[in-house]
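Student: I'd like to ask you about the structure that follows.
The values are calculated or read from the model by the stated rules, or taken from the named source; none is laboratory data. Here the structure is a predicted model, which means the values were calculated and not measured. Positions of Cβ are backbone-derived with ideal geometry, glycine not excepted, and every protein chain shown enters the neighbour counts.
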């Protein structure tokens, strides 16, 4: 799972970005749609509520990092919900890259290699768990949830 140091890095960096949650979520979704414009139709025209929901769910996951009983079931629920929305395993790398990119932009000089690696690890754990919800019924192979760029 995660080390205590990785949890601290993720939580402290999230806290810095959370202060500007609106900017972070806008940057995240803009980047995601830039990387994969074909997924834009999966989302509502007015993203206000979705942006709030995204940052709220991310806050819960970040708060549950040292509590496996909270993190993994939370990721399972998200996986089931995203499956209903039409999310496929091949979407997860795009989401991960957009998330990493938006955190890097939001943190500026506070974005370090150690912070990046901690976020990549966290996203990998959550995404793999979300993908696993559909692994038995998906005809698509499970891809790495986050490719290193």
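Student: Of the residues 93, 89, which single one is out of contact with any helix residue (DSSP H, G or I) (no Cβ under 8 Å at 6 or more places or on another chain), buried (at least 18 other Cβ atoms within 10 Å of the Cβ) and under 19 Å from residue 120 (Cα atoms)?
Tutor: 93
Student: Right, another one. Tally time: how many residues in the range 1-11 are surrounded by fewer than 12 Cβ atoms within 10 Å (Cβ to Cβ) and either at pLDDT 95 or above or assigned to a helix (DSSP H, G or I) (or both)?
Tutor: 2
Student: Kindly provide the set of residues from the range 35-74 that are buried (at least 16 other Cβ atoms within 10 Å of the Cβ) and under 16 Å from residue 14 (Cβ atoms), ordered by number.
Tutor: Passing the criteria: 51, 54, 55, 58, 61, 62, 64, 65, 71, 74.
Student: Working only within the range 107-135, note down all residues that are crowded, with 17+ Cβ neighbours inside 10 Å and farther than 26 Å from residue 90 by Cβ.
Tutor: Within the range 107-135, 107, 111, 115 qualify.
Student: Those residues that are in a helix (DSSP H, G or I), farther than 22 Å from residue 98 by Cβ and either out of contact with any helix residue (DSSP H, G or I) (no Cβ under 6 Å at 6 or more places or on another chain) or modelled with pLDDT of 80 or more (or both), I need them from the range 58-75; list them, please.
Tutor: Within the range 58-75, 68, 69, 70, 73 qualify.
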